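Below is one structure; the comments refer to it alone.
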Amino acid sequence: MLPPQAHDTDAPIRLTDNDAALAKLSAVRQDYLSDPFIKYFVPRASLQPPRPPLINVGTFVRTVAIDDLVDQWLDLSSAERKKCQIVSLGAGSDTRFWKLATGPRKDSLSKYIEVDFPEITMKKAMVIKKNKDLSAVLGVPEDIKLEQGGTALFSPLYDLLPADLRQDPSVALGSLTSVTGNAPPILDASLPTLLIFECVLVYMSSRESNTLLHWFHAYFSSHGDGILGAIVYEMFGLGDSFGRVMVSNLKTRNVSLPGADPYATVESLPSRFLNLNYTHARALTLKDIRRNYIAPEEFVRMSKLEMLDEVEELDLVLEHYAITWGLTTLGSRSAPWDDWGFKRKEQDEEE
């Protein structure tokens, strides 16, 4: 008899990427967002039903807020006459690379690297290779290489790597910093480098996520005087009644959130970086970002797309999600990077 197949305990976590992709597709179709690439990463995209307005609004706020921080990072790099690197960890079906590489800031990007479970990177690599709209952005066909059994993809501007981020980073991500022959490491420690974690660290223990953040900090600290930043988007403050319901609902899908335990309040979130010797860190809830940090014209446009009856419910959800951004300025090069972060915008209208 064949031995029983091992239970894939990570499958429920990987399925959360499908939820995020469907939410993004819905927000795009309802005109909250512009993204011509997301449809390629959703099977049978044309048959997918729209998501409720609450999910569309949350997806909009999350996306434009992170885009704002990323765009600022690229602009700050350009102001120093340097290109920058972006490493998206747990990237899933995210399309940010294609939007950047075809947008007005494309010349500011030196390298974009995505990392995720091999099951996810294999599917993404196959979609990229087969789709001309996606692969054309990466370069000519001869420059796009599939490796590691089809789980990795390499090109001049974009790399896709398989890894379990809970493992020792020196092993799981060692290829980013290792020297092969005469080739330099994929990560150039002299360039401004931004890490992006969208709903990733919350699925890891605090020990595992701290090890990961420390590993990047140690690499850049010991190999130059560059700039390292990080963006974390995730749930927090799950000890109240709403949070307990969220945790319970996820448990029915065999999904746990060990990374949320240390962070009971939004004020506690910056400690993730400050305790690891990052020099600056701040955090805002999506509720606060929606109310105070979305451009007035976008706020008004968004409010007219769909009827949103459950505003109180929306606020309750958004105050349990936050974006934390941390920065370490190595050497004496802090200005103008100290100003990296959300800028408050005066709203002309209230809902």
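Worth pointing out:
- Within this structure, Ala101 passes the test of being closer than 30 Å to Thr329 by Cα and either open to solvent by 10 Å² or more (accessible area, probe 1.4 Å) or among the charged types (D, E, K, R) (or both).
- Exactly one residue among Ser88, Ser77, Ser46 is of a type in the set (Gly, Ala, Ser) and open to solvent by 10 Å² or more (accessible area, probe 1.4 Å), and that residue is Ser46.
- First in region 261-280 and farther than 20 Å from Trp340 by Cα and at pLDDT 95 or above, second anywhere and among the aliphatic types (A, V, I, L, M) and open to solvent by less than 80 Å² (accessible area, probe 1.4 Å), Cβ under 8 Å, 6 or more apart: Tyr263/Leu269
- Residue identified as among the hydrophobic types (A, V, I, L, M, F, W, C), without any contact (Cβ under 8 Å) to a residue 12 or more places away in the chain and either farther than 26 Å from Gly326 by Cβ or out of contact with any His (no Cβ under 8 Å at 6 or more places or on another chain) (or both) among Val115, Val179: Val179
- Filter result for Ser110 (over 20 Å from Lys129 (Cβ atoms), in a helix (DSSP H, G or I) and either among the hydroxyl-bearing types (Ser, Thr, Tyr) or touching a helix residue (DSSP H, G or I) at 6+ places or on another chain (Cβ under 9 Å) (or both)): no
- If the condition is being in a helix (DSSP H, G or I), in contact with a Leu (Cβ under 7 Å, 6 or more places away or on another chain) and closer than 21 Å to Asp338 by Cα, then region 190-218 contributes Leu213, His214, Phe216, His217.
- Where a residue in region 133-156 is at positive phi and its partner, wherever it lies, is open to solvent by less than 20 Å² (accessible area, probe 1.4 Å) and in a helix (DSSP H, G or I), with Cβ under 9 Å and at least six apart: Gln148/Thr121; Gly150/Thr121; Gly150/Ala125
- In region 26-58, the residues that are under 20 Å from Arg96 (Cβ atoms) and of a type in the set (A, V, I, L, M): Ala27, Val28, Leu33, Ile38, Val42, Ala45, Ile55, Val57
- Residue selected from region 95-112 under the condition without any contact (Cβ under 8 Å) to a residue 60 or more places away in the chain and hydroxyl-bearing (Ser, Thr, Tyr), by the criterion nearest to Lys39 (Cα to Cα): Thr102
- Residues (surrounded by 15 or more Cβ atoms within 10 Å (Cβ to Cβ) and either within 15 Å of Leu318 (Cα to Cα) or among the polar types (S, T, N, Q) (or both)) located in region 243-255: Gly243, Met246
- Identification of helices (runs of 4 or more DSSP H) wholly contained in region 260-351 with 1 or more residues that are closer than 25 Å to Gly239 by Cβ and open to solvent by 30 Å² or more (accessible area, probe 1.4 Å) yields 271-274, 286-292, 311-318.
The values are calculated or read from the model by the stated rules, or taken from the named source; none is laboratory data. Here the structure is a predicted model, which means the values were calculated and not measured. Glycine also receives a Cβ, built like all others from the backbone with ideal geometry; neighbour counts cover every protein chain displayed. In case anyone asks, the SASA skips ligands and DNA or RNA and just uses the protein heavy atoms, side chains included. Shrake-Rupley method; radii C 1.70, N 1.55, O 1.52, S 1.80 Å.
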